[in-house]
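K.L.:
The structure follows.
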Amino acid sequence: MAAQQAIARGLAKAAMVGRPAAAPVGAALALALASAMPGAAWAKEAGTGPAAAARCAALAQLALADTSIESAAIVPARAPRDSLSGDVAGYPGFCRVVARVRSEPGSDIGVELWLPLQDWAGVFHGNGSGGFAGNFTLGYAGMAEGLRRGFATATTDAGTAPATPLEGDSLIGQPRKWRDWGRLSAHVMTVTGKAITKAFYGRTAQRSYYTGCSTGGQMGLVEALHYPEDYDGILVGAPVMNRTWGHAAVLWNFASANRSPGRLLSDAKLRLLNRTAIASCWKQGHGLAGDRFIMDPLSCRFDPAVLECKPDETEDCLTRDEVATARAFYSGPTSNRGEPQFFGWLPGSEMPDTFGWSFLQKPIGGQPAFGALFKWVFGSDWDWRSFDFDRDMPIVNQRLDPIVNDATRGSLAAFARRGGKLIVFHGLADTLVPPGQSVEFFRHHAMEMGGDDALGAHARLFMAPGVMHCGGGTGPDAFNATLGIPPRPPSDDRQHDMFSALIAWTEAGKAPDRIIATRFASERPGEIEMQRPLCPWPLRAVYRGYGSTAAPGSFSCE
């Protein structure tokens, strides 16, 4: 956890380098890179001589339509070094470019690009953002991994500055920025990034890959569905699809816990609920004794009423109001007649961790998390207390659905026809984006493509037990080297790393039939606590009945 917090601090500090005045990138950007990149030394030290500096600086004069180059400067290589806290990774020298694309009034999309000074692999690598975006920081971990592999790598602020990932009030009354956030910015980043890459190296990228999670996951799906020529391979996690109902689900949780006194679930009650849900699902055959997570929560049925306090009972139980709150979290938004409107959270997701159920209950700036989206429709004086889902969600969707929900529309057929490959992963303990949404997405597109096998030739979904939003949780979460916050997988091979699996699938036709997810021991850095296979949906990992439950060979995909 300390290492994860250090990465987060490094990425937050590095936010400053996305601004035009950020000439001294060294400390903040190096911290982000050193945190996110592996400890192995680079084969060669990249040169930073006058010729490389001049070639990089010349990009500031590059003429592209609707584009201004804010800065283009060399970031020198740094060799790996030892420290009191362990090895600190190095990184190669690169040309860092910041550009802004303003295609029409109200649109201002930022693009940041890192170009290796030598040994470019001929690959362009785009990265997404998170939340309301507004800066470049959430793309830095993926960019660091791309740079490590010799890729020209880019990210975008999604055109929403001065918003931040958790704050979108500054976007009130700016529908073009909503459109850039919901549909256009990743495509603009890709077109602009490829043009700058070609100008720097004098040749076009041979391959293009995209990685992102959450809002970055949405951006990747929009690329596959609506801009199929942009990328050869796309890897996304926990993708936001139905943006309006996704925010409504978070509002539903917050309102359920806060509309009346006595309904808020304390951290102690959340831990009790989590333990009880896991034990209940074990008994139903959807988990393994000893695990702190549920293997198949989609198949488990759990009613928190089993914890309702009996007369004179006050400890290790839930009040009737607390049971009602828990039921609301599991059910997701429902109509006044009790009809399901959207997906809920799964048993086993009740942790009081960062972005867990406790986060969903607590206000940010006096409003529910990500509640600014409703201010875009109803104005800055919108009050969550007066929101009626039956009355108000049709208004929200009428205004915003055509602008921000393009991940719910379109077809993967064109992407598949040109040989594109898509990998989606989703943590089954996610509490910001309902996991059921990803399953429904694959069911829908399997029907459209002619069945699971036809879709599986081009797109695969991996559901990750015990994993929260983009990482974290109690399950094995190290399986994607581009994420930054979860530990890197123990190996870069396609069996352990989804990014490597995507590349192997795209370039060598080796479809991933299982990915080994790793959980490292929290108190002993680098030591593997357990490993489990992630299977492509609709398959799931099943214990063979013998062998260690910490070893992936003890499980089969069935």
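K.L.:
What ³J(HN,Hα) values, in whole Hz, does the Karplus curve 6.51 cos²θ - 1.76 cosθ + 1.60 give for the stretch 393-403 when θ = phi - 60°, with x put for Gly and Pro?
P.N.:
Karplus-based 3J(HN,Hα) across the stretch 393-403 equals 5, x, 5, 4, 5, 4, 7, 10, 3, x, 9 Hz.
K.L.:
Nearest 10 degrees, 0 to 90: what angle lies between the long axis of helix 185-201 and the longest principal axis of the chain (Cα atoms)?
P.N.:
So the inclination is approximately 30 degrees.
K.L.:
Continuing with the same structure: On a C-alpha basis, how far is the centre of the stretch 119-178 from the centre of the stretch 316-364 in Å? Whole number, if you could?
P.N.:
30 Å
K.L.:
Within straight cross-link reach of Lys177, meaning Cα distance under 16 Å, which lysines are found once same-chain residues fewer than 8 apart are removed?
P.N.:
Lys375
K.L.:
Further, regarding this structure: Can you give the extra length, in nm with one decimal, that the chain gains between Glu527 and Asp513 once fully stretched, where that is 0.36 nm per residue apart less the Cα-Cα distance? If you can, show how the numbers build up before the last one.
P.N.:
Working: separation 14, 0.36 × 14 = 5.04 nm, distance 2.57 nm.
Extra length available between Glu527 and Asp513 comes to 2.5 nm.
K.L.:
Among DSSP beta bridges whose residues both lie in the chain, state the antiparallel percentage, nearest 5. Working shown, then result.
P.N.:
Numbers: 40 of 65 bridges.
In the chain, approximately 60 percent of DSSP beta bridges are antiparallel ones.
K.L.:
Shifting gears a bit: Mean residue ellipticity at 222 nm from the helices of the chain, using -39,500 (n - 2.57) per DSSP H segment of n ≥ 4 over the full residue count, to the nearest 500 deg cm²/dmol? Intermediate results must be reported in sequence, preceding the final value.
P.N.:
Values: 17 runs with 184 residues, N = 558.
Helices in the chain give a 222 nm mean residue ellipticity of -10000 deg cm²/dmol.
K.L.:
Place the peptides 188-196, 538-546 in order of packing, highest mean first, counting for every residue the other Cβ atoms within 10 Å and averaging per peptide. Can you show the working numbers first?
P.N.:
Details: 188-196: 22.8, 538-546: 13.7.
Going by the mean number of other Cβ atoms within 10 Å, highest first, we get 188-196, 538-546.
K.L.:
Hey, another quick one. Please report, in Å, the Rg and the Dmax of the stretch 379-503, where both are computed over Cα atoms only.
P.N.:
Over the stretch 379-503's Cα set, Rg and Dmax evaluate to 18.1, 52 Å.
K.L.:
Quick check: the distance between the Cα centres of the stretch 281-307 and the stretch 189-258, to the nearest angstrom?
P.N.:
33 Å
K.L.:
Heavy-atom accessible area per residue, the stretch 162-271, 1.4 Å probe: how many Å²? If you can, show how the numbers build up before the last one.
P.N.:
Numbers: 3330 Å² over 110 residues.
Normalised by residue count, the accessible surface of the stretch 162-271 is 30 Å².
K.L.:
Here is a further query. Using alpha carbons only, how many angstrom separate the centre of the stretch 503-538 from the centre of the stretch 382-396?
P.N.:
Comparing the Cα centres of the stretch 503-538 and the stretch 382-396, I get a distance of 42 Å.
K.L.:
Just the accessible area per residue of the stretch 319-472, please: how many Å² with a 1.4 Å probe? Before the final figure, lay out each step's value.
P.N.:
Numbers: 5790 Å² over 154 residues.
Here the residues of the stretch 319-472 average 38 Å² of exposed surface.
K.L.:
Could you name the aspartates and glutamates in cross-link range of Lys283, using Cα to Cα under 13 Å and dropping any fewer than eight places away on the same chain?
P.N.:
Straight-distance partners of Lys283: Asp291, Asp296.
K.L.:
How far is helix 215-226 tilted off the main Cα axis of the chain, in degrees rounded to 10, range 0 to 90?
P.N.:
70 degrees
K.L.:
Would you list which aspartates and glutamates come within 13 Å of Lys421, measuring only between C-alpha atoms, while excluding same-chain residues fewer than 8 positions from it?
P.N.:
The qualifying aspartates and glutamates are Glu223, Glu229, Asp230, Asp232, Glu507.
K.L.:
Another question, if that's okay. I need the peptides 479-487, 297-305 ranked by packing, meaning the mean over residues of other C-beta atoms within 10 angstrom, with the highest value on top. Can you show the working numbers first?
P.N.:
Numbers: 479-487: 25.9, 297-305: 17.7.
Top of the packing list down: 479-487, 297-305.
K.L.:
Let me ask you something else. Within the stretch 72-190, what percent of beta bridges assigned by DSSP are antiparallel, to the nearest 5? Write out the running numbers ahead of the final one.
P.N.:
Numbers: 21 of 24 bridges.
Here the antiparallel bridges make up roughly 90 percent for the stretch 72-190.
K.L.:
Under the 0.36 nm per residue contour assumption, what length would be gained going from the current alpha-carbon distance of Ile172 and Asn336 to full extension? Write down the numbers at each step before the final one.
P.N.:
Working: separation 164, 0.36 × 164 = 59.04 nm, distance 2.90 nm.
That pair, Ile172 and Asn336, stretches by 56.1 nm at full extension.
K.L.:
Would you pull out the residues with amide H under 5 Å of Glu529's amide H, same chain only if 5 or more places away, H placed 1.01 Å from N?
P.N.:
Counting only residues 5 or more places away or on other chains, the set is Arg519, Phe520, Ala521.
K.L.:
Round to a whole number: what % of the accessible area of the chain belongs to carbon and sulfur, probe 1.4 Å?
P.N.:
Values: 11550 of 21720 Å².
Carbon and sulfur atoms account for 53 percent of the accessible area of the chain.
The values are calculated or read from the model by the stated rules, or taken from the named source; none is laboratory data. The shown structure was predicted, so the numbers you read here are calculated from the model rather than taken from an experiment. Note that each Cβ is placed from the backbone with ideal geometry, even for glycine, and that neighbours are counted across all protein chains shown. Keep in mind that these areas ignore ligands, DNA and RNA; they rest on the heavy atoms of the full protein, side chains included. Shrake-Rupley method; radii C 1.70, N 1.55, O 1.52, S 1.80 Å.
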